[in-house]
Amino acid sequence: MAGTIDVNDMLLFAQVVESGSFSVAGRAIGMPKSTVSRRIAALEAALGVRLLQRTTRTLSLTDVGEDYADRCRMLRTEVQAANEHVASAGAVPRGRLRVTAPIEIGRRYIAPCLAEFAILHPEVQIELDLSDVARDLVAEGWDLAVRVGALADSTLVARKLGPTQQTVCAAPDYLARRPPPARPEDLTDHDTLVMTAGIGGFVWPFEGPDGYIEARVRPRAESNDFEAVCRMAVAGLGIARLPSWVAFEHLDAGRLVPVLNDYRPEDLGVHVLYPSRRHRSAKLERFLALLEERLIPAPWAPARNL
């Protein structure tokens, strides 16, 4: 059984492994070579294993030492992240905050949050990109993205703000010309209007009396913009599947009418994404906190049925 382990010796071991020698590691942290050697020997004694093979000229890791070095490096990363997190909490947010979001949710909800944030933090400059096409955060240098719908696998960190209800609907003029669908599979005989920016495309999932069902639609028109799809639906071109924040005003005014009321389209998740849990700036930390305060529970997900 291992004896008492000094966490600082674990961090020192990681430094020795990366430096390749006791003397180089000692110079990097301002410690004599003899002290470095003595502390690593004490670490090995406490663990009851040999971590390093020593010769007069080289150091090499044993098998157990190689595994232990990986864990010590992970510990060092976590310690650095914890220190940076605490330091950023007291730092003044400053610099440019670059945010990208879908057009409609960005206009209605993200832009007001950014305005409030900029007023609270005068040293922050705002850049807001509105696009229903997903940007590459890392390659293009964005601090944060808001995404609607299923998330692709990636190294980005995701934080869910909430769900958003969808409704399948059409204009009264369209439904006067075509009998409303009774079941999701009836959509194959209808003109449909499809959002094509990663929100499910040509397969629309539903939960209904008989459980989960998928309807494959044949679009009369496609767009990468929800508002464009909505306007085409209001004009009577076909049946659309729209998020609540886009559709509710037209449903309330009677310009759109819900169909397939016994079947519930899948809810879309709304997430914020950012490149890494570590090394988050003060401006990003504070803006994430403000988004959660203002947008949880999600204002775009009304409790009533549309």
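Of the residues making up region 161-177, one or more are in the same structural domain as L260 (by TED's automatic domain parsing), basic (K, R), surrounded by fewer than 15 Cβ atoms within 10 Å (Cβ to Cβ) and out of contact with any helix residue (DSSP H, G or I) (no Cβ under 8 Å at 6 or more places or on another chain).
Among residues belonging to region 105-153 that are among the aromatic types (F, W, Y) and at pLDDT below 95, point out the one that is surrounded by the most Cβ atoms within 10 Å (Cβ to Cβ).
So in region 105-153, the residues among the aromatic types (F, W, Y) come out as 109, 117, 142.
Still in the running and at pLDDT below 95: 109, 142.
Numbers: Y109: 21, W142: 19.
Here the answer is Y109.
Only one of the numbered conditions (1) within 21 Å of A158 (Cα to Cα); (2) modelled with pLDDT of 90 or more is not met by R71, and that is (1). In the set (1) touching a residue at least 24 places away in the same chain (Cβ under 8 Å); (2) surrounded by fewer than 18 Cβ atoms within 10 Å (Cβ to Cβ), V24 fails one condition alone, (1). Would you mind telling me which numbered condition in (1) more than 29 Å from T188 (Cβ to Cβ); (2) at pLDDT below 85 L295 fails? Checking L295 against (1) more than 29 Å from T188 (Cβ to Cβ); (2) at pLDDT below 85, the one that fails is (2).
Those strands (runs of 3 or more DSSP E) of region 1-118 in which 3 or more residues are within 23 Å of the chain's Cα centre (by Cα) and not hydrophobic (A, V, I, L, M, F, W, C) occupy 95-101.
Here is the figure for region 251-291: residues that are basic (K, R) and modelled with pLDDT under 90 total 3.
The values are calculated or read from the model by the stated rules, or taken from the named source; none is laboratory data. Note that the coordinates shown come from a computational prediction; the quantities given were computed from them, not determined experimentally. Neighbour counts are summed over all protein chains in view; Cβ atoms, including those assigned to glycine, are modelled from backbone coordinates with ideal geometry.
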